[in-house]
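These notes concern the structure reproduced below.
We did not get these values from a lab; they are worked out from the coordinates using the rules stated. Just so it is clear, the structure is predicted and the values come from calculations on it, not from any experiment. Here the Cβ positions follow ideal geometry from the backbone for every residue, glycine too, while neighbour counts run over all protein chains shown.
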Amino acid sequence: MTLGEVIRIFQIANEYSNSELAEKSLMSESMVSQLKSGEKKIDLNKIEVFARAFNVRASQIYLIYELSEEENWAFQKTLLEVLKLYVD
């Protein structure tokens, strides 16, 4: 999961439209879309801006991102182990 996808999850949870999220984060809708899609990189400053818009701490957003990465790795590792059973 990317940071943009995590931002999108918070956006959905807060029921913000794209324009509302842009307004609350003090960015243009275009910039918000580019950040969520991965066209532009989300740096720590942007995470903090989004955190304020969602009324959470930046660390909470980043923690969800880190956990999703760990889960993806666990899934990939499990998939590789299962594939090895059938390849060997």
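With the crude spin-label approximation of a point 7 Å out along Cα→Cβ, what separation in nm comes out for S17 versus L67?
3.1 nm
Just to confirm a number: summing +1 for Lys and Arg and -1 for Asp and Glu over residues other than R52 whose beta-carbon lies under 12 angstrom from that of R52, what do you get? Intermediate results must be reported in sequence, preceding the final value.
Working: positive: K24, K46, R57; negative: E48.
Computed value for this residue: +2.
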